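Worksheet for the structure shown next.
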Amino acid sequence: MNIKTPKKLIEVALPLDAINVAAAREKSIRHGHPSTLHLWWARRPLAAARAVIFAQMVNDPGYQQGGGFRYGVNKEKAVLERERLFKIIEDLVRWENTNNEEVLERARAEILRSWRETCELNKAHPQAAELFNPDQLPAFHDPFAGGGALPLEAQRLGLESYASDLNPVAVTINKAMIEIPPRFAGCDPVGPRLVSDKQDMLMLYNPQSAIRNPQSAIRNPQFAIRNWGERCLWAG
């Protein structure tokens, strides 16, 4: 039995200007961007990855028929509905909205709505219970994940993400971005307490230097932190 799948938004139209501007802007962003974790040679812009995944999960509202089903609205209504979806994408690709839950929830709601429409079209499929569960979104798998932009953004949009790669560096990057953080989301920190006093900080990061020459160490706290980081790298 054929699977009934409406055209996706990405097959019809996208707000490319907004996506291009947001993707180009990422080149100058350092704080909080995965590129600060490791300079992967072919990293995809997060904004473009987010927009592409959203657009390939959301049904295009235009009228469609054939393949044993009908779907969508007339041309005038479809134009208005696409504009609404474009506005979601335009908000979604902005760097400031990367972790904006209100914007992300709007996108997740549209993805879920389209998925449930697809499930309804395929409710007579012999494997409907397995393949078209309206309460469980399909998983996302990137077999050549590289820098991890696609699986990271799929996870941000509410999909269960899987990533693989032959390059061990890529595997490490993806583990650091999409596998390890969710395990500890919402957990209390397990590291040492935050300290505000300079002497306490120096004793924490470089106790020997602080004891030998506390006044010099206080004048140069960056050295103490750098020394501690180097120790961690060698210990690892």
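A few points about this structure:
- Here His38 clears all of (1) touching a residue at least 40 places away in the same chain (Cβ under 8 Å); (2) assigned to a loop (DSSP other than H, G, I, E, B); (3) within 22 Å of Leu159 (Cβ to Cβ) except the condition numbered (3).
- Look at (1) among the basic types (Lys, Arg); (2) loosely packed, with under 13 Cβ neighbours inside 10 Å; (3) modelled with pLDDT under 95 and you find that Arg84 fails only one, number (3).
- Those helices (runs of 4 or more DSSP H) lying entirely in segment 69-154 with at least 2 residues farther than 27 Å from Val171 by Cβ and touching a Phe, Trp or Tyr at 6+ places or on another chain (Cβ under 7 Å): 75-92, 101-121
- Qualifying position, being under 28 Å from Lys175 (Cα atoms), out of contact with any Asp or Glu (no Cβ under 7 Å at 6 or more places or on another chain) and in contact (Cβ under 8 Å) with a residue 40 or more places away in the chain, among Ala55, Ala13: Ala55
Each row is one residue, and each column tells you yes or no for (1) in contact (Cβ under 8 Å) with a residue 60 or more places away in the chain; (2) surrounded by 14 or more Cβ atoms within 10 Å (Cβ to Cβ).
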site	(1), (2)
Glu130	no, no
Asp142	no, yes
Ala145	no, yes
Ala149	yes, yes
Pro168	no, no
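The values are calculated or read from the model by the stated rules, or taken from the named source; none is laboratory data. Because the structure is a prediction, the values reported are computed rather than measured. Note that we place each Cβ from the backbone using ideal geometry, even for glycine, and neighbour counts take in every protein chain shown.
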